[in-house]
Structure formats: structure tokens, C-alpha cells
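Okay, structure first, notes after.
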Amino acid sequence: MEQAAEWFRESLVCRIASSCGRIWRNSLLCRGLAVLGSIISASNISRWLSSYFSRRFRPRQVFAYKVLRRLQKRLVPLKIRVSRIIGTSFTWRMARESRFMRMLRRFLVPSAVFFVFIDELGRSVFGAMGPFGIWDEAYLGLCVIFLALDRIMEKAVPPMTATPLDIPVFLLISVSFFLFLNFSPYPHVGFEGMRAAVQFVLWYYVFSRYLDSDRKSEMMTGGLILTGGILGIHGIMQYVAGVETPASWADAAEGVRYVRVFSVVGSPNILGSLMVLVIPLALARALQGRTGRVSRAFSHVLLICMTICLVLTLSRGAWLGMAVALIIFSIAWNPRWMAGMALAGGMAFLVPPVQRRISYMLSSRYISSSLTGGRLLRYRTGWEMFMNNLWTGVGQGHFGGAVAMNHRDLFPNTFYMDSYWLKTAVEMGIFGLAAWFIVICALFTWSVRAIRTTLDRDIRLSIIGGFSGMMGVLVHNLVENVFEVPYMAVYFWMMAAIVFYNYGKSQLRVV
């Protein structure tokens, strides 16, 4: 082992890397950046930002928390009465001791990590029509019922759960409901559009209320990584098997047909987005010190498979999101990793399909093709519609997404916007964008505060991994309708709940 290490130190690659490191450390640019960093760190703005992002979340000081806690205390007599009625019923006594009920209580909510398999495979077998078409609504309702039953049947008054995103998310739901009531030219379409946005946001409350122990958090985190790894391995198998890629996924002006993997997801762009969300979390798990050797090796294998799958999707939007996610991960964990990330990106660019995809995107042919019938034309059309309906939009579900495409008889000129944020701007106007902006700002601010104030290494890594993946997906939404896909929205809010559970746990340890 020592001899192998000595050979590596004497190898040409190691000597070249060592020489490059010495050249960089002694370069004028490196010294200039060091001086600039010291000036910035000593500035008043830097001190203010440091103080701002070092604040802790204290729910007992939030007015909404005080109001809800007071309401909860007033409802205690009703809770006791309802729990007695349910507890004495024959049905409850029979069900409570059954193995089926115990399995449901333990695995019902965590099973959401397999949402993509249930949704995609179920729709391919049963279709969107019939009872299966409403399975996601039924599943959400069942999770809410079980969580409510657990709270009601607890003997003691359950603790009040509060997270930094509760109020911003409630504001987003309220704005969506207000716009539906007042600015929907076709109310039935407006209701579908509002439901598509609000229904999956509600999962945040389900996950954040469910996560009250490390066991549950580890189960959901591991389930997410396992799901991403299975999809990654399946995508690689598709590439090896040479599964035919539909012609609609390639620009005819590009003149080249690529093999783009899509697994069970059905879209290489959405598969790439799911990899963007999960890869940083898997990287964080692989770096954690308390993870066992077998589990760490397993995480490394899944991480490698997901990375290869991300490259094979040939999704430029997902690559952009992944670049942002890895930059944020490096800045938050170890800024020195930036050089390694840049090197990895440069090596990925040497892969011929990757190089051709990016080179074509920067060419005049792509711009010309996109302006005549591609993304740029859609963005220009969407921007003009947004400016013409600036404040309240054209109505939720009325343009640019799946709901509008399902009502082509009412909107014959609609198309997929390929930008969730521009689609939201067109449908909900400034009010909707402002509500989303508040949610994203709260998510960003409190995630950064969680990273800065968490001292435990492994918990901090989990927060960084989840936060980086979410930021990558938000960036990918600039060029893709990611949140139009139900399981992507569910996984995003699941990740947010995991991040804020770890943040709350770290605060309890400090206290």
C-alpha cells in the first residue's frame, strides 16, 4: 500500500498537479483574490450579511405561532372528546392492533419516495382515466387523515410544529386561491390550474409534520437516494441496450440523432432534473462520518450511476442546474472544491455528445432555429403575454402548461412554455410571481442560516446537500416546466422538509 502511494507521488500526473498547484499559489491572480477576499470580509456589508445569516429560527417569537398555539389549547377539550369517541369504537379497536394498520402508520408517508414509480408505471398500465387518475389526490388525503389521527389519539397535547416556510407557503396558496376566484375566464380550467399548483405544495405540510424523529428522516433521505440510484442504473441500462430515442427530443436543425436516456420517467429533461435534486444529497451522504462503510460504499455507487445517467440524458438545462448545485455545495462545504468541480466539468465537455450539444446551443443555427419555432420564440411570445396581463395574468391553467394543453379546444394556440417561471408569470402575473419570490427567498435565507448555524458536521452536510439540489431544480425551472410534473414537485417539497427537520434538530442540540 505504501509502495503504491509512493509510485503515485512519483507519477507524471501527480507531479503535473503539484506543479499546477504551486503555479496557482504563487500567481498574481491568486494573491489578488486573497487581498480582495480580506477586504470584503472586513467590510461593513460583509459583517452585516454575516450577522443576518447567523440568526436562528425562534418559532415562539412568531405571531402566527402564538395564535396557532393559543387555538390549539382551546381545542384540547374537543380533541379529548373526539379521541374518546374514536378510541371506544369497535372499528378503531380492531384496526389499531392489526399488522396492516401498523404497516400503514410506519410506511404510508415515506412511501412517497417511490412516487415516480407508482405514477409513471401506474399511468402506463391503467392510463390517466378511471380511478387511477385521482390516485395522487387520494394518497394525499389518506396521509393527511393518518397524521391527523395520530395527533388526535395522542394522550398528551402534541407539540406545535413550526418551520420557516409555513407562512410563505400559506401565502402562495392564498394568492393562488384569490387569483382563481377573481381572475379565471374559464373557472373549471382555473380550478384545475390552481389544483395543479396548490395540491403538491400541500405535501410540504405533510412531510414537515411527519418528520419528528431521526429514524423517519433517515428513511426518507435513504429512500430518495435509492430512488435516484434505481433510475440512474435503469437509464444506463437503456443506453447500453440502445433504446430508441424519439425524434421529438432532438432539434431537426442540429442534424444529429442522439441516444438520450429517460428511464421510466418518459422525459430525459425531467430525469435529468431528478438527478440534479438527488445527486447533492447522495454526495452529502457519502461524505458523512457516521455512515457505515457498506452504506457509504453503496452511496458512492449510486452517486456514480446517477452522475453518468445525468450526462446520458443530454439535458442542457439539467446540466446547468447541476453546475449551480455543485457550485453552491462547494461554496457551502469547501470552496477549494471549486477547482475540482471546474476540472470535472471540463472533462465532461470532452465527451463528444456533450461537446456537440453545448457547441450547437452556442451556434447561430440554434438561435435561428429557436427563433422560428423553438424556445426563444416561445419565450418571446410568453413575455409579450405577460406584459399585456401584467398584474393578474391570463388565469391559472390558461396557458403554457399541461392543463392548457388538455383544453386545446379553448386554447388552440397554446404550447408548453419550457420555463415554469415564465409560465407562472403569464398565468398569475406579478401577484403570483411575488408570492413565489417570497417562498424562494425564505427557502434560500433560512437554508443559508441553517448551514451557518449548524455545528454538527453530518447534519450540516445533509442540509447542504438538500439545499444545493433544490437550488439546482429552481434554476432548471428557468428552461423547463419541472414543477408541472407531479412527482418533481413532491420530491422538491420533501427535500425542503428534510432540510428544515435537520435544521430544527441542530438547534435543539445547540440549546
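Nothing in this text is a laboratory measurement; each read-out follows from the coordinates by a stated rule. The shown structure was predicted, so the numbers you read here are calculated from the model rather than taken from an experiment. Glycine also receives a Cβ, built like all others from the backbone with ideal geometry; neighbour counts cover every protein chain displayed.
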Length released on extending from residue 308 to residue 440, taking residue separation times 0.36 nm less the Cα-Cα span: 44.6 nm
Are there DSSP H segments in the chain that both extend 30 Å or more along their axis (alpha-carbon positions) and score a mean Kyte-Doolittle hydropathy of at least 0.0? List them, or say none. 214-241, 420-453, 486-510
Furthest towards positive pole of dipole, 451, 405, 113, structure part the chain, Cβ charges: 451
Pull up the cross-link candidates among the aspartates and glutamates for residue 73, meaning alpha carbon to alpha carbon under 19 Å and not fewer than 8 places away within one chain. 150, 154
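Among 207, 191, which comes first, second and so on when ranked by fewest other beta-carbon atoms within 10 Å? Intermediate values should be presented prior to the final figure.
Details: 207 23, 191 16.
Listing 207, 191 from fewest to most nearby Cβ atoms yields 191, 207.
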Just to be sure I understand, if you calculate semi-axes √(5λ) of the Cα gyration tensor in Å for this structure, which of (i) 38, 32, 25; (ii) 38, 24, 21; (iii) 59, 24, 19 do you get? (i)
Estimated distance in nm for a label pair at residue 43 and residue 28, the labels positioned 7 Å out from Cα along Cα-to-Cβ: 2.3
Between residue 362 and residue 67, Cβ-based FRET efficiency (R0 45 Å, step 0.05) works out to 0.25
Highest-first arrangement of 452-465, 164-177, 82-95, where packing means the average Cβ count within 10 Å: 452-465, 164-177, 82-95
Extension length gain for residue 300 and residue 92 (0.36 nm per residue less Cα distance), in nm, is 70.4 nm
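Would you work out the relative contact order for the chain, in percent, from Cα pairs under 8 angstrom that are 6 or more residues apart? Can you show the working numbers first?
On the way: 578 pairs, mean separation 102.9, N = 511.
This gives 20 percent for the chain.
Add -39500 (n - 2.57) for each DSSP H run of 4 or more in the chain, then divide by its residues: what number comes out at 222 nm, to the nearest 500 deg cm²/dmol?
Working: 25 runs with 373 residues, N = 511.
Counting only the DSSP helices, I get -24000 deg cm²/dmol.
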Partner lysines for residue 505 [C-alpha distance under 17 Å; skip if fewer than 8 residues away on the same chain]: 216
Between residue 377 and residue 56, what is 0.36 nm times their sequence separation minus the Cα-Cα distance? Round to one decimal in nm. 111.1 nm
How far apart, in nm, are two points set 7 Å out from the Cα along the Cα-to-Cβ line at residue 149 and at residue 182? 4.0
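Rounded to the nearest 0.05, what FRET efficiency do residue 100 and residue 202 give with R0 = 45 Å and r taken as the Cβ-Cβ distance? Could you check?
On the way: r = 26 Å, r/R0 = 0.57.
Given R0 = 45 Å and the Cβ-Cβ separation, E is 0.95.
From the P(r) of region 351-501, could you give the percentage of C-alpha pairs in the tail past 19 Å? Provide the component values of the computation, followed by the final result.
Values: 7118 of 11325 pairs.
Distances greater than 19 Å cover 63 percent of the Cα pairs.
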Can you work out the FRET efficiency for the pair residue 18 and residue 108, with r the C-beta to C-beta distance and R0 = 41 Å, to the nearest 0.05? 0.15
Partner aspartates and glutamates for residue 66 [C-alpha distance under 19 Å; skip if fewer than 8 residues away on the same chain]: 166
Evaluate the distance, in nm, between pseudo-label points positioned 7 Å from the Cα of residue 125 and of residue 137 along their respective Cα→Cβ axes. 2.3
Just to check, using Stokes-Einstein with a Kirkwood Rh over alpha carbon pairs, what's the diffusion coefficient of region 160-313 at 25 °C and 0.890 mPa s in µm²/s? 132
